[in-house]
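Scroll down for the structure; my scribbles are underneath it.
The values are calculated or read from the model by the stated rules, or taken from the named source; none is laboratory data. Everything numeric in this text was worked out from a predicted model, so none of it was measured. When we count neighbours, we look across all protein chains shown, and the Cβ atoms used for this are built from the backbone with ideal geometry, even at glycine. For the accessible areas, the whole protein counts, side chains as well, though only heavy atoms, and no ligand, DNA or RNA atoms are used. Shrake-Rupley method; radii C 1.70, N 1.55, O 1.52, S 1.80 Å.
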Amino acid sequence: CTGHAGIAGSHDIIVTVIAPDSARLDIEGATELFSLELDARPGFRRACLKASIDRLADINRDLKAKGVSIEHFYDY
C-alpha cells in the first residue's frame, strides 16, 4: 500500500468501456468483470472493468490503443 487513499478512500474504481467484440481487455491494472453485447452497435460490447486508480492514465492509453473508449467512471 502506498498510503494514499485514492478516490473516495478507495484504491480501485469501476470503469465501463465500449469495446470492439474482438478487443482483448487484458490490461495491466484492470480486471474485466463482465461484458454485454450492444444491440444498438453491432460488433461492439459494453464491458465493466475494475481498475487501479494509480494506473488510470496507463489503462486509458492501453485501452485507446485497442480501439476501446471509456464510457463512465464509478467510485464505490
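Quick rundown of the values:
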item	result
Listed residues HIS11, PRO42, GLY29: farthest to the positive end of the dipole of the chain (Cβ charges)	PRO42
Protein accessible area in the chain, 1.4 Å probe - carbon and sulfur %	53
Helix-derived mean residue ellipticity, 222 nm - over the chain, DSSP H n ≥ 4, -39500 (n - 2.57), to 500	-4000 deg cm²/dmol
Relative contact order [Cα under 8 Å, 6+ residues apart], the chain, whole percent	44
Cα-based Rg of the chain normalised by 2.2 N^0.38 Å, two decimals	1.11
